[in-house]
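Working notes for the structure below.
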Amino acid sequence: MNSDDIVSKSYSEVINLTKQLIPSHPMYANHGQFEGQKILQDYLNSKGWTTYLDEYGFEDLKKNEIMKKPWEYDDYYKGYEKIKKYNLYGILDSGIPGKTLILNGHIDVDIIDKDNPLENCEPYLSSDRLWGRGSTDMLSGLCSLATIKNYLDNISWSGKVIYTAVVDEEIGGNGSIRACQWMREKGFLESEYPIECIISEPSDCNICYETLGFLPFIISCKSQIKHMNGEGNKMNFFKLTNIFNELAKLQISDDELNVNVGYIHGGNDASLPMEDLLLKGVIATTAEHNNDYVEKVLSDCGADIFIPGISINAVKSSNNIFGKSLYKGDLFKSSCDASVFYNHNIPVCVFGPGSLEQAHTRKEYILLSEIERYLTQFYKCVREYFD
């Protein structure tokens, strides 16, 4: 079968698989995550993969020092420790020693409206795009990775492919943390040959060896209410001014770093100081100005600062083999699970169909041409990796 025929076959399978996954509603705490993983498992089994459906819980995650704590970021996730979670792993083993390629993607879909989490979850196929929540971020990318065997069946290769469909990427990355834990226990992360990871987040089909980080923060300033001209009020004002000055300097110092202050609360009377001022925000950090650096800047402002346990480090991967011929220096302008694999000294590449501009939107869609283009480029990179 020639390359065009393989792409055509896989393209149809990706569309059909994605259309099945969207209405399973694979959001946080929804049984649809299990149902979605079963759909993917049935597909992989039909292609001859060896598959494992990993049911795990909070007690399993607690073994890992970098476990995320989403309940510290949003009360919506209180009760996290009671929820069963499901990852899916698939193994293709050529039977010949060689490189390992980890294919990673998340099945969980971001919740836009917590009061109506299943809004716009029905797929719709138009002439040039597939509509539905999760179509871009990142069910179509996840399904595209699953078609790799269509291509490998038509070339000579050596080594292993490990497919990891995970949950909880949208709330910190515990699914990929668990996947790495599982792979290490099974011995898949120990090899004399290269091991690399591909994450099919929507990157406009660009090869990205660098990602942004995610640093949430909660800053509180406390003071005692005094007369409006009380001398003690000045300290609180200067403290607040200093915080915003430092945040502004961070923003200016790095073109890719982005500061978002989404919540400011405190005070009851315009003529009096705020007794309890609360600022909540998120900073998209970079490899140059990483989480530790930015956290120290905030700490030096003189206010009380709390970093919820859901922060994600920026990544700047090196020594990558996969995608080298297509790499143009692109940055993936978001955080993702790349840091989890990088923490295991695995070179990582973000490379997927679709655009971040469509992710987390109510009228989400993926252009059909993007899927076809991605499959063509993906298979090219696979061939070069295993050569």
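Pairs linking a residue in region 192-210 that is modelled with pLDDT of 95 or more to a residue that is aliphatic (A, V, I, L, M) and in a loop (DSSP other than H, G, I, E, B), with Cβ atoms under 7 Å and 6 or more positions apart or on different chains, are P194/I321; I195/L189; I195/I346; E196/I321; E196/I346; C197/I346; P202/A359; E210/A287.
Within region 296-328, restricting attention to residues that are within 19 Å of the chain's Cα centre (by Cα) and not hydrophobic (A, V, I, L, M, F, W, C), the residue that is nearest to Y73 (Cα to Cα) is P308. Which of the residues belonging to region 159-196 are assigned to a strand (DSSP E or B) and among the hydroxyl-bearing types (S, T, Y)? Matches in region 159-196: Y163, T164.
Name the residue, out of E288, E256, that is within 30 Å of N343 (Cβ to Cβ), part of a loop (DSSP other than H, G, I, E, B), touching a strand residue (DSSP E or B) at 6+ places or on another chain (Cβ under 7 Å) and not aliphatic (A, V, I, L, M). Reasoning before the result, please.
Values: E288 fails: touching a strand residue (DSSP E or B) at 6+ places or on another chain (Cβ under 7 Å).
E256 is the lone residue from the list that is within 30 Å of N343 (Cβ to Cβ), part of a loop (DSSP other than H, G, I, E, B), touching a strand residue (DSSP E or B) at 6+ places or on another chain (Cβ under 7 Å) and not aliphatic (A, V, I, L, M).
The set of residues from region 347-363 being in a loop (DSSP other than H, G, I, E, B) and at pLDDT 95 or above comprises P347, F351, G352, P353, G354, S355. The C-beta contact set for region 40-53 (first residue assigned by TED's automatic domain parsing to the domain that holds S140 and in a helix (DSSP H, G or I), second residue aliphatic (A, V, I, L, M) and loosely packed, with under 13 Cβ neighbours inside 10 Å, distance under 7 angstrom, 6+ apart or interchain) is empty.
Output the number of residues of region 1-31 satisfying the condition of being of a type in the set (G, A, S) and either assigned to a loop (DSSP other than H, G, I, E, B) or modelled with pLDDT of 95 or more (or both). Write out each step before concluding.
Applying the first criterion (of a type in the set (G, A, S)) to region 1-31 yields 3, 8, 10, 12, 24, 29.
In the following step, the residues that additionally are either assigned to a loop (DSSP other than H, G, I, E, B) or modelled with pLDDT of 95 or more (or both) were identified as 8, 10, 12, 29.
Counting residues in region 1-31 that are of a type in the set (G, A, S) and either assigned to a loop (DSSP other than H, G, I, E, B) or modelled with pLDDT of 95 or more (or both) gives 4.
Against the numbered list (1) touching a His at 6+ places or on another chain (Cβ under 9 Å); (2) hydrophobic (A, V, I, L, M, F, W, C); (3) over 21 Å from Y52 (Cβ atoms), W131 comes up short only at (1). Among residues that are out of contact with any strand residue (DSSP E or B) (no Cβ under 6 Å at 6 or more places or on another chain), free of Cβ contacts under 8 Å to residues at least 40 places away in the same chain and over 29 Å from V282 (Cβ atoms), S94 is not included. The single residue among I310, I371 that is assigned to a loop (DSSP other than H, G, I, E, B), in contact with a Gly (Cβ under 9 Å, 6 or more places away or on another chain), surrounded by 15 or more Cβ atoms within 10 Å (Cβ to Cβ) and of a type in the set (V, I, T) turns out to be I310.
When only residues in region 197-219 that are among the aliphatic types (A, V, I, L, M) and in a strand (DSSP E or B) count, which is surrounded by the fewest Cβ atoms within 10 Å (Cβ to Cβ)?
I218
Based on what the data block shows, is S325 part of a loop (DSSP other than H, G, I, E, B) and of a type in the set (G, A, S)? No; evaluated as a whole, the condition is false for this residue.
Quick one: would you say G281 is within 20 Å of the chain's Cα centre (by Cα) and in a loop (DSSP other than H, G, I, E, B)? So G281 does not fit the description; no.
Within region 268-278, how many residues turn out to be free of Cβ contacts under 8 Å to residues at least 24 places away in the same chain and in contact with a strand residue (DSSP E or B) (Cβ under 7 Å, 6 or more places away or on another chain)?
First pass over region 268-278, keeping only residues free of Cβ contacts under 8 Å to residues at least 24 places away in the same chain: 268-270.
Adding the requirement that they be in contact with a strand residue (DSSP E or B) (Cβ under 7 Å, 6 or more places away or on another chain) leaves none.
Count: 0.
Selection of first residues in region 279-294 that are not assigned by TED's automatic domain parsing to the domain that holds H265 and of second residues that are assigned to a helix (DSSP H, G or I), restricted to Cβ pairs under 9 Å at least 6 apart or on distinct chains, gives an empty result. Considering region 313-357, the residues that are buried (at least 19 other Cβ atoms within 10 Å of the Cβ), in contact with a Phe, Trp or Tyr (Cβ under 6 Å, 6 or more places away or on another chain) and among the polar types (S, T, N, Q) include one that is farthest from F386 (Cα to Cα), namely S335.
For Y77, the criteria (1) surrounded by fewer than 16 Cβ atoms within 10 Å (Cβ to Cβ); (2) within 23 Å of G309 (Cβ to Cβ) hold in every case but one, which is (1).
Being at negative phi and out of contact with any helix residue (DSSP H, G or I) (no Cβ under 9 Å at 6 or more places or on another chain) is the filter; apply it to region 101-123 and report the residue that is surrounded by the most Cβ atoms within 10 Å (Cβ to Cβ). Don't jump to the end; show me each part of the working.
In the first step, residues of region 101-123 are kept if they are at negative phi; the result is 101-119, 121-123.
Narrowing further to those that are out of contact with any helix residue (DSSP H, G or I) (no Cβ under 9 Å at 6 or more places or on another chain): 112-113, 115-117, 119.
Values: I112: 15, D113: 10, D115: 6, N116: 9, P117: 18, E119: 12.
Top of the filtered list is P117.
Considering only residues that are within 16 Å of I207 (Cα to Cα) and either in a loop (DSSP other than H, G, I, E, B) or aliphatic (A, V, I, L, M) (or both), which ones fall in region 331-345? L331, K333, S334, S335, C336, D337, A338 - these are the residues of region 331-345 that are within 16 Å of I207 (Cα to Cα) and either in a loop (DSSP other than H, G, I, E, B) or aliphatic (A, V, I, L, M) (or both).
The values are calculated or read from the model by the stated rules, or taken from the named source; none is laboratory data. Just so you know, these numbers come straight off a predicted model, no measurement behind them. Positions of Cβ are backbone-derived with ideal geometry, glycine not excepted, and every protein chain shown enters the neighbour counts.
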